[in-house]
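Everything on this sheet refers to the single structure shown next.
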Amino acid sequence: MRLSECLNHASISTLQAIARSLQLSCTMYSKLDLVQSILESLRNPLCLAEQFDRWHEEWGVSLRRIALHRRNTFAKEEMEYLLAFAGDDTSHCLKRALSQGWLFLQNDSPRRHSYIVPKDMQIALREHFHRHWRGEIQVRGDDPLVQVDEGMAALNDLHTLLQYVQQRDVRLTASGAMYKRHVLQLMELFEVEEPTELPQWRFGYGRRTYDYPDRLALLYDFAYDEGMVVERQDERLTVDPARLSDFLSLGRKAQLRRLLQFYMRTYRRPIPRLYDIIATILLLADDWTSSASLYAVCAPQVKAFYYDEPKDVWDKRIVKMLIHLGVARLGYDDESGERWFQITKLGQELLTQDEADLPDELTYQQAALVVQPNFEIVVMLPDARMEAQIAEFAELKSSGALRVYRILDRTVERGLSLGRDFEAWRALLATRGMAPIPANVDRMLAEWGGRGGIHAAGIGS
Amino acid sequence: MVVYPQADGRLYVSRSADPAGRLEVDVLPIAMDDFAQPIQVFDDVTVYQLSPLRLRELARSGRSAVEVLRYLRQIAQAPVPIQVQRTIIAEMAAGSVAAPALTAAMTASPGDVAIALRQDKQLRAYQQRAVEAFCSGPANGVIAMPCGAGKTVVGTAILAALRMPALILAPNEAACAQWKQHLLAWTTLSERDLDVHADEPNKPVAIATYARLVARDRRGQMRRLDSYRQRSFGLVIYDEVHALPARWFRLTAELAGTRKLGLSATLVREDGRAGDVLSLVGPVVFQMQARDLTEAGHLAPVRCFEVRVPLAGRERQDYERGSAADKHRIAAQNACKLEAVEQICARHRGERTLVMGYYTSPLHDLAKRLCAPIIDGRTPAAERLRLYGEFRAGRMPVLIVSRVANVAIDLPAATVAVQISGLFGSRQEEAQRLGRILRPNGKRAVFYSLVSDDTVEVKRAFHRQSYLVEQGYSYEILAIDELYKGGWSLCD
């Protein structure tokens, strides 16, 4: 409902109260006159801005939360709870709010009524807050020297995790966690490494927060939630090929978007205002923004969660994770100096576009890899399905902007012993290669293929 | 050009995979080579590694980390990993606070030694660039070029440009003799101006081997080194600096030289300590890849063959029973290899053929079978020089050398090299040996490496070759019967 409709439905005593609050000089006995005078006053930008400032000062966080709320209709209890932040007696608060022109009583039925903020008023209030915050945050025009931008690393590492589980025999402890050995190996293969020492008390941020470092826990929980990894009864971790294949059929950005949504769902339990916070960040941090000033704006929405103080929640659960997800990047000029924060282009896309509308960052070309004469396969265009196939006879050597696999006698032997199709694999290298396979490598591959084993040809291990 | 930066400091540069037609980066004042050095060169991809030395040098020349990072971000296909950013910032900070290097002002006033290049001698363009890079660069630096690209020429030209009293340190006698010959042929210096192994040098240019310089007398005194330290040299040239043990270098580093020049064929060292000596001498001021030179026609194109020779009969039995050390020796001394060498020599009749090996007894057998001269550790220096001369003059088509010939001899006429055994998978040795035939004589050269099939040698050979492979050469593998049948052709 819009402001004009709310005013039309309001009782004459309410309108009188509003007129007095707005200090209007009109006839207090004509409803038409009152409505017109109030509308005229609140449609005047100067006058409205003045009122907003007054209400903002009076209601503080309460008004902000109401303005940013996804709904504009509230039950009585809800409204009392929201207004309680202003710190006054609640019934008195309600009465005062109803006399100011931004909150109205709505009679749904004779027995039930709810509270409503006119839609146009709510939008104007939001804009008021944005302007206000923009004045509070500090931005810079140039780029910081150091920029921590993880791009699509979270997705690449998710693929590495899935490939790892697929290729290895991953055992689980009695409590269902991977053994430390596996975690350490994963950290070596990951593009972004995390310390594996965990603080003792950790819970609330997903199913396996207790067992793994934050980023790995998120990746793992997501894979588990999607049904791509299965914790089997016999304490082994395996991959569900069908679910994996479904997931990989999505574009890369769509995959990352799912991971982001999973993060928001999971972390919303300990951080109830997470959606609002991310919305605020998205709104404000399109330039390099001082991290401290951004926190100052968001702080009222960030609450402590058990052992995490509000600042910890902000730093470790929100900022750090958004960086991991490629949504934001962090910059600084020297290690001890001021931190700057910016939503990435990728982040804007992920947060504002639907899955179907997300363009992939690469138009897939047929050719995607280069086989080097030193038996390394350099993957130039990431493609999880192709890489899963490559990994049948090779192993991941390093990940990053490029992913490098190496062919070793033991990796070929492993593939053969698992009954994988070596000739199909050779054909893949040939068709997806940007250049012919070097003669020395081709010769060795032919030798391996011909012998069905490689004992005689033993290349460096 | 597109760059994919990796967290380990490697930068994969692809010139073909440029999907979006990136901005032209050549106009920027910084280039990849300013802060990274190529470590692997393939057809489509060149792998660079961030180089702390070059970063420091760049900082000294007044560039900032901001500029390098801005450049890298422009050409990078993905965000630059934080580790790479940190390295760049830290090294450039270290470079800008380090003591200022010798300024160009000092190099602008050359010394008073009367030395000039002879009128008829011309430098190639890249040699000229190398000379300029050193002369206008920091006081100390390394020039890395493949064998045959003319390191001696560059060293001589620098000497002539700086006109300072100089000391040239070479790895062995043959190399010293070669330097002397070269200086006489290329410059206006005469015999009177040169000291070779003098106890108390007082002529404009002194030449000595590292070993003689640091030799101790009966009382354990390094008298020669002391007397050299008394003298002040304007320029000290370290030939084949990569082969120099760091301990020796530290001793010789105390020589009073205003400028130090390291010459090197390769930046690879088996002990992984290349960084040590190189950092002691100075940054790499100029580097050239063998393949670039081959493409430019300065070096002969090379085909590399690995010939698989069977190990059979009694030798195979001994091999199977032997210890790890025995296995290597038996595989290396495989008698069948001698036949294979004969076959190769017959195929290349009339061409200068160099046969190289690690174990001397098969080399002596081979010398008898081929009626060819052999040079090993016991051959006197004078005899060596005579044999080199004969070979160079074309009077002897085949020369057999043990590993004494690995470094710093000049055999410009060799077009065929046969390696019958090598040091345990040493990549440096392989590069040196290939370098023997990488000479600018325009003729296609062939490099054979003989490997006993189905033995430890196969694996070792793979390691040895990996360096060459990374330099852009590829190996073709031949079975022995293909060699006999001649079912392969050198003409393609």
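The values are calculated or read from the model by the stated rules, or taken from the named source; none is laboratory data. What you are looking at is a predicted structure, and each value in this text was computed from that prediction instead of being measured. Here Cβ is always computed from backbone atoms with ideal geometry, including for glycine, and neighbour counts include all displayed protein chains.
Values computed for the structure shown
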quantity	calculated
B:Leu53 surrounded by 19 or more Cβ atoms within 10 Å (Cβ to Cβ), more than 7 Å from chain A (Cβ to nearest Cβ), under 21 Å from A:Met380 (Cα atoms) and in contact (Cβ under 8 Å) with a residue 24 or more places away in the chain	no
Sole residue being of a type in the set (Asp, Glu) and within 14 Å of chain B (Cβ to nearest Cβ), chosen from A:Asp108, A:Asp143, A:Asp89	A:Asp143
Residue identified as over 30 Å from A:Glu5 (Cα atoms), more than 14 Å from every other protein chain (Cβ to nearest Cβ) and either at pLDDT 90 or above or in contact with a helix residue (DSSP H, G or I) (Cβ under 9 Å, 6 or more places away or on another chain) (or both) among A:Glu150, A:Glu136	A:Glu136
Matching residues, segment B:232-264, being of a type outside the set (Val, Ile, Thr), at pLDDT 80 or above and under 22 Å from B:Leu194 (Cα atoms)	B:Phe233, B:Gly234, B:Leu235, B:Tyr238, B:Asp239, B:Glu240, B:Arg259, B:Lys260, B:Leu261, B:Gly262, B:Leu263
Residue in segment B:119-148 that is farthest from B:Leu53 (Cα to Cα), counting only those that are touching a strand residue (DSSP E or B) at 6+ places or on another chain (Cβ under 8 Å) and part of a helix (DSSP H, G or I)	B:Arg129
Check on A:Arg208, more than 14 Å from chain B (Cβ to nearest Cβ), touching a residue at least 40 places away in the same chain (Cβ under 8 Å), buried (at least 18 other Cβ atoms within 10 Å of the Cβ) and of a type outside the set (Gly, Ala, Ser)	no
Matching option when the condition is surrounded by fewer than 16 Cβ atoms within 10 Å (Cβ to Cβ) and of a type outside the set (A, V, I, L, M), among A:Gln138, A:Gln166, A:Gln122, A:Gln147	A:Gln138
Residue identified as closer than 22 Å to A:Glu193 by Cα, outside the structural domain of A:Leu260 (by TED's automatic domain parsing), in contact (Cβ under 8 Å) with a residue 12 or more places away in the chain and assigned to a helix (DSSP H, G or I) among A:Glu423, A:Glu387	A:Glu387
Residues satisfying the stated conditions in segment A:272-299, i.e. in contact with a strand residue (DSSP E or B) (Cβ under 7 Å, 6 or more places away or on another chain) and buried (at least 16 other Cβ atoms within 10 Å of the Cβ)	A:Ile281, A:Leu282, A:Ala285, A:Trp288, A:Thr289, A:Ser290, A:Ser291, A:Leu294
Filter pass, A:Glu127 being of a type in the set (Asp, Glu), closer than 23 Å to A:Ile281 by Cβ and away from every other protein chain (no Cβ under 14 Å)	yes
Selection within segment A:407-442 - hydrophobic (A, V, I, L, M, F, W, C) and either farther than 19 Å from B:Ile477 by Cβ or more than 13 Å from every other protein chain (Cβ to nearest Cβ) (or both)	A:Val412, A:Leu416, A:Leu418, A:Phe422, A:Ala424, A:Trp425, A:Ala427, A:Leu428, A:Leu429, A:Ala430, A:Met434, A:Ala435
Any pair with Cβ under 7 angstrom, 6 or more apart, that starts in segment B:196-211 at a residue that is free of Cβ contacts under 8 Å to residues at least 24 places away in the same chain and ends at one that is basic (Lys, Arg)	B:Val196/B:Lys180; B:His197/B:Arg212
Hits in segment A:169-219 - residues which are in contact with a strand residue (DSSP E or B) (Cβ under 7 Å, 6 or more places away or on another chain) and part of a helix (DSSP H, G or I)	A:His182, A:Leu189
Checklist (1) within 30 Å of A:Leu282 (Cβ to Cβ); (2) touching a helix residue (DSSP H, G or I) at 6+ places or on another chain (Cβ under 6 Å); (3) surrounded by fewer than 18 Cβ atoms within 10 Å (Cβ to Cβ) applied to A:Arg385, failing item	(1)
Residue under evaluation A:Arg71, criteria (1) part of a loop (DSSP other than H, G, I, E, B); (2) in contact (Cβ under 8 Å) with a residue 60 or more places away in the chain, criterion not met	(2)
Meets criteria (at pLDDT 85 or above, in the same structural domain as B:Gln119 (by TED's automatic domain parsing), out of contact with any helix residue (DSSP H, G or I) (no Cβ under 8 Å at 6 or more places or on another chain) and not β-branched (Val, Ile, Thr)) for B:Asp195	yes
Matching residues in segment A:79-102 - criterion: being more than 23 Å from A:Gln301 (Cβ to Cβ) and touching a residue at least 24 places away in the same chain (Cβ under 8 Å)	A:Leu98, A:Ser99, A:Gln100, A:Gly101
Check on A:Asp120, of a type in the set (D, E, K, R), more than 22 Å from A:Ser21 (Cα to Cα) and not in a strand (DSSP E or B)	no
When residues of segment B:76-94 are limited to those that are more than 7 Å from every other protein chain (Cβ to nearest Cβ), surrounded by fewer than 21 Cβ atoms within 10 Å (Cβ to Cβ) and not small (Gly, Ala, Ser), the one farthest from A:Gly151 (Cα to Cα)	B:Thr87
Hits in segment A:256-282 (condition: modelled with pLDDT under 90, within 16 Å of A:Phe129 (Cα to Cα) and in contact with a helix residue (DSSP H, G or I) (Cβ under 6 Å, 6 or more places away or on another chain))	A:Asp276, A:Thr280, A:Leu282
Filter result for A:Ser25 (without any contact (Cβ under 8 Å) to a residue 60 or more places away in the chain and either touching a helix residue (DSSP H, G or I) at 6+ places or on another chain (Cβ under 7 Å) or part of a helix (DSSP H, G or I) (or both))	no
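Residues checked against (1) polar (S, T, N, Q); (2) assigned by TED's automatic domain parsing to the domain that holds A:Leu68; (3) assigned to a helix (DSSP H, G or I):
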| residue | (1), (2), (3) |
| --- | --- |
| A:Thr238 | yes, no, no |
| A:Gln261 | yes, no, yes |
| A:Thr266 | yes, no, yes |
| A:Ile271 | no, no, no |
| A:Leu283 | no, no, yes |
| A:Leu294 | no, no, yes |
